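The values are calculated or read from the model by the stated rules, or taken from the named source; none is laboratory data. This is a predicted model, so every value here is computed, not measured. Cβ coordinates were reconstructed from backbone atoms using ideal geometry, including for glycine residues, and neighbour counts include every protein chain displayed.
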């Protein structure tokens, strides 16, 4: 049983993002890129399945600044094999072409199960799981919060509005968009990370993607305008706390 | 321009039809609803498709039906809502029909044979203006859907033949699961202290609990905090958690991603504390402070205690 996980990079949460000079992409120069949140969850779920069944886990990234490091982290987290897919000049942050590049890599690697984060914060041209499912012609499900494998089927728990849950059975090979792993991603020690630095060697894999003829494009990127009438509270923590309490009193949210 | 085809998620409301109505009117096309549930108020045409595989929901079955509807009607605009089914179906239907896809939309404006959409990306920190050729598929964020559709003349009913793929599915519904009842009801809470990723770790949650207790508020959390296992799932606000309308929502270290905002934007008073001045939560807060949440929470607890 082979599981492949797509590992993509995203800005670390909490980093302040600014448009670059082109005005159509973010400026990545001073932004720390790391494995996208949901891909961390997908990777953890893959490792949990590996621990339960003895499956092997292959992490696949698209060549980009920081991708080597992301693959080493994936190795430290429990991937058995790491693969760097190289699609030449392809923009790894264009979600549609990136999904097609991943699809080609997965055709080569032929895993039984593909796990990928349910979304990245920038996949405006399509989320990877449904695009992979369509490209590979395999069943897929997104917003999944748990995966187990029973014979030739994946048993996935899909989450809906309000936290309702249902179990679906997907015939393998299948593609799953993971929202959260069955248990939270585990801490990886520095020792393990250092070990991965020397042990993990990314296997190169060349892929080729034809650009789409009629593709949507970003024409501008802006910070949204703040809410009209919003008040920013200034001062030190004590002063901010006092202002919050007085707002609550004015609004009758506090009785005393 | 032609029709606007709307996929109605059987699990949610039909507000996407109100979003679609001006697009169809502007184009002089029909507003066509694809629904596995039958009756749909506010549509011009309801495409009815009946097959045992369509209920309960299975992504593969609904994807096949949406693809068949696109094939049959050849609409200029296809809309899905960014719910679970929207994630499953939007991009895959676009890929199957070889149409462009634009996600996380807050607004869509057609202009001739193109359309311009505004999409919330990077957790709502940035808005992208996207231009796409039509026909195209758009996934609309729930947070942009405010109005219920106006019921007009009864919709014309058309039958869509079930696509053959429904009889050869490679996936199936197994069972519905009951989420555990943890005795928390955020939806009726008057006051909520909500912690986001900025809380940093499980060991810091106690500080927010103390503040919640001093306020007489319920403790809640956003998705990253829940997924990290720092706060119980029953306390999640947002797309996959509770929708709340308290008199006070106090957000500590909450970034304000659209999936969270759709669960709390109806709060009467929104106060947010975050160290990141670019956090999207400040775009919907009534009062905001760029400050260390730990310092502010300590001071607040001391003042209220």
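Listing for the model above:
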| read-out | value |
| --- | --- |
| Residues located in region A:2-37, provided they are facing chain B (nearest Cβ under 10 Å), in contact with a helix residue (DSSP H, G or I) (Cβ under 9 Å, 6 or more places away or on another chain) and touching a residue at least 60 places away in the same chain (Cβ under 8 Å) | A:10, A:37 |
| Lone unmet requirement of (1) more than 7 Å from chain A (Cβ to nearest Cβ); (2) surrounded by 23 or more Cβ atoms within 10 Å (Cβ to Cβ); (3) over 25 Å from residue B:305 (Cα atoms); (4) touching a strand residue (DSSP E or B) at 6+ places or on another chain (Cβ under 6 Å) for residue B:260 | (4) |
| Selected residue (only one of B:103, B:123 is part of a loop (DSSP other than H, G, I, E, B), crowded, with 17+ Cβ neighbours inside 10 Å and within 11 Å of chain A (Cβ to nearest Cβ)) | B:123 |
| Single match in B:22, B:10 (criterion: out of contact with any helix residue (DSSP H, G or I) (no Cβ under 6 Å at 6 or more places or on another chain) and either surrounded by 20 or more Cβ atoms within 10 Å (Cβ to Cβ) or part of a loop (DSSP other than H, G, I, E, B) (or both)) | B:10 |
| Total residues in region B:208-225, condition away from chain A (no Cβ under 11 Å), in contact with a strand residue (DSSP E or B) (Cβ under 8 Å, 6 or more places away or on another chain) and in contact (Cβ under 8 Å) with a residue 60 or more places away in the chain | 1 |
| Condition met for residue A:217 (over 24 Å from the mean Cα position of the chain (by Cα) and facing chain B (nearest Cβ under 7 Å)) | no |
| Residues (assigned to a helix (DSSP H, G or I), in contact with a strand residue (DSSP E or B) (Cβ under 6 Å, 6 or more places away or on another chain) and either modelled with pLDDT under 95 or more than 8 Å from chain B (Cβ to nearest Cβ) (or both)) located in region A:232-251 | A:247 |
| Inter-residue pairs, beta-carbon under 8 Å, first closer than 14 Å to residue B:159 by Cα and in region B:27-49, second at pLDDT below 90 and assigned to a strand (DSSP E or B), 6+ apart | B:46/B:35; B:47/B:35; B:48/B:35 |
| Selection within region A:118-161 - facing chain B (nearest Cβ under 7 Å), out of contact with any helix residue (DSSP H, G or I) (no Cβ under 6 Å at 6 or more places or on another chain) and closer than 28 Å to residue B:185 by Cβ | A:157, A:158, A:159, A:161 |
| Region A:1-22 - residue that is assigned to a loop (DSSP other than H, G, I, E, B) and at pLDDT 95 or above and, of those, surrounded by the most Cβ atoms within 10 Å (Cβ to Cβ) | A:8 |
| Whichever residue in region B:232-248 is crowded, with 21+ Cβ neighbours inside 10 Å and facing chain A (nearest Cβ under 10 Å) and, among such residues, is nearest to residue B:293 (Cα to Cα) | B:248 |
| One residue from B:120, B:161 being touching a strand residue (DSSP E or B) at 6+ places or on another chain (Cβ under 9 Å) and under 26 Å from residue A:133 (Cα atoms) | B:120 |
| Qualifying positions in region B:63-75 - touching a residue at least 40 places away in the same chain (Cβ under 8 Å), within 14 Å of chain A (Cβ to nearest Cβ) and surrounded by 21 or more Cβ atoms within 10 Å (Cβ to Cβ) | B:64, B:66, B:70 |
| Residue match in region A:194-213 (condition: within 11 Å of chain B (Cβ to nearest Cβ) and farther than 30 Å from residue A:18 by Cβ) | yes |
| Residue match in region A:36-45 (condition: surrounded by fewer than 17 Cβ atoms within 10 Å (Cβ to Cβ), within 25 Å of residue B:222 (Cβ to Cβ) and touching a strand residue (DSSP E or B) at 6+ places or on another chain (Cβ under 7 Å)) | no |
| Region B:137-156: number of residues that are in contact with a strand residue (DSSP E or B) (Cβ under 8 Å, 6 or more places away or on another chain) and surrounded by fewer than 13 Cβ atoms within 10 Å (Cβ to Cβ) | 1 |
| Meets criteria (more than 22 Å from residue A:232 (Cβ to Cβ), within 11 Å of chain A (Cβ to nearest Cβ) and modelled with pLDDT of 95 or more) for residue B:228 | no |
| Complete set of residues in region B:266-281 that are more than 9 Å from every other protein chain (Cβ to nearest Cβ) and crowded, with 19+ Cβ neighbours inside 10 Å | B:267, B:272, B:281 |
| Those residues of region A:162-182 which are within 7 Å of chain B (Cβ to nearest Cβ), surrounded by fewer than 19 Cβ atoms within 10 Å (Cβ to Cβ) and in contact (Cβ under 8 Å) with a residue 24 or more places away in the chain, in sequence order | A:171 |
| Members of region B:282-305 that are within 15 Å of residue B:199 (Cβ to Cβ) and touching a residue at least 60 places away in the same chain (Cβ under 8 Å) | B:293, B:294, B:297, B:298, B:300, B:301 |
| Test: residue in region B:142-159 that is farther than 25 Å from residue A:211 by Cα and at pLDDT 95 or above | no |
